[in-house]
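The values are calculated or read from the model by the stated rules, or taken from the named source; none is laboratory data. In this text, all values refer to a predicted model and were calculated from it rather than measured experimentally. Don't worry about glycine lacking a Cβ; one is built from the backbone with ideal geometry, like all the others, and counts go over all protein chains shown. The accessibility values were calculated without ligands, DNA or RNA, using every heavy atom of the protein model including side chains. Shrake-Rupley method; radii C 1.70, N 1.55, O 1.52, S 1.80 Å.
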Amino acid sequence: MSPATRVPRPRAPVGQSMALLTDLMEHPLDRSYHDRAQARLARGEERAAGHRSIVLVLACAALGLLLVVAAQTLRVPEETARGDRAQLVGQIESRQKSSSADERRISTLRKQIGGLRAAAPPGSPAAVLTAQEIAAGTVALTGPGSIITLDDSDAAEQRNGQDPRAAGTTREVLTSSDLQILVNGLWQAGAEAISINGHRLTSLSAIRFAGEAILVDFRPIARPYVITAIGAPRDLWETFKNGSGGRYLDGLKRHVDMDVRVKNQDEDVNVPASDSAAVRHARPVTTTTDATRTEEVSE
């Protein structure tokens, strides 16, 4: 059997592969445009001139000129801006001085009101109002009490600088529920006023856990957590320790291994006034009511 005979393939011209590029170079205008231009000449019409290009350039130049004029018109002169700035600074300084004077006047009036209330006899409206303000937490209090300082365990410090709450664990850190239970235990033990890190607690206060922070009345607090309670220091702490709050605190010490420091002071401890107190049910007395009361007194 004779070997298969290979038929040689015809070789393509050398320039055939460059035909497309050659056509593009020789005829850069699309054939449809070329045919339309030839038809225009065949009808005896003139070649299309570049008037549109000239109009477009003139329109762009006019638009640019308008933009420059508008920018210059809207630009505030430096001297005017400096004068307006000085005027604003003067207004701010004047308002600050007025505010400082009002604060001094308010402080003086509060001292006068405090003196008048202190001199009021028991059972008088002033004395009753003072008692209500103390219960509502709208006035600062000073007296003997206990200061309890709580901090997370040492293991919480050994996380290479990471927040232990970010890891999703609460076994080594205090939570808002822990503080709620401890504060309620202090109320049950007879505390007259309580604050956490300087935030006064009232009957409307909320201790919550949001993300990675503990909030007291929607304000974040940082560790260590300092609970200040006013009350007979020895009796307050002993009653708390023997109650449900003390037992819960002992459990936290065992399971969380947190740092707890207690300081009972016979000297005065300070609990500030609540900065979130709001009037909910009281309303101002109207002029008509005042007139009615005046008539009743005169009769």
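Can you say whether Ala189 is hydrophobic (A, V, I, L, M, F, W, C), in contact (Cβ under 8 Å) with a residue 12 or more places away in the chain and surrounded by fewer than 22 Cβ atoms within 10 Å (Cβ to Cβ), as far as the supplied structure shows?
no
Among the listed residues Ile92, Ile113, identify the single one that is over 35 Å from the mean Cα position of the chain (by Cα), on the phi < 0 side of the Ramachandran plot and free of Cβ contacts under 8 Å to residues at least 40 places away in the same chain.
Criteria check complete, one pass: Ile113.
Since Asp257 meets every condition but one in (1) assigned to a loop (DSSP other than H, G, I, E, B); (2) touching a Ser or Thr at 6+ places or on another chain (Cβ under 8 Å); (3) under 22 Å from Val139 (Cα atoms), which condition does it not meet?
(3)
Checking the structure you have, find out if any residue of segment 152-171 is at pLDDT 85 or above, out of contact with any Cys (no Cβ under 7 Å at 6 or more places or on another chain) and either crowded, with 17+ Cβ neighbours inside 10 Å or part of a strand (DSSP E or B) (or both).
No, every residue in segment 152-171 fails to be at pLDDT 85 or above, out of contact with any Cys (no Cβ under 7 Å at 6 or more places or on another chain) and either crowded, with 17+ Cβ neighbours inside 10 Å or part of a strand (DSSP E or B) (or both).
Provide a single number: the residues in segment 192-201 that are within 20 Å of Val260 (Cα to Cα), of a type outside the set (Gly, Ala, Ser) and open to solvent by 20 Å² or more (accessible area, probe 1.4 Å).
Matching residues across segment 192-201 total 2.
How many residues does segment 262-273 contain that are open to solvent by 100 Å² or more (accessible area, probe 1.4 Å) and within 32 Å of the chain's Cα centre (by Cα)?
Counting residues in segment 262-273 that are open to solvent by 100 Å² or more (accessible area, probe 1.4 Å) and within 32 Å of the chain's Cα centre (by Cα) gives 1.
Scanning segment 106-129 for residues that are open to solvent by less than 40 Å² (accessible area, probe 1.4 Å) and in contact with a helix residue (DSSP H, G or I) (Cβ under 6 Å, 6 or more places away or on another chain), which turns out modelled with the lowest pLDDT?
Here the residue is Ala126.
Could you list all residues from segment 202-237 that are in a loop (DSSP other than H, G, I, E, B), open to solvent by 20 Å² or more (accessible area, probe 1.4 Å) and more than 22 Å from Val173 (Cβ to Cβ)?
Thr202, Ser203, Leu204, Ala232
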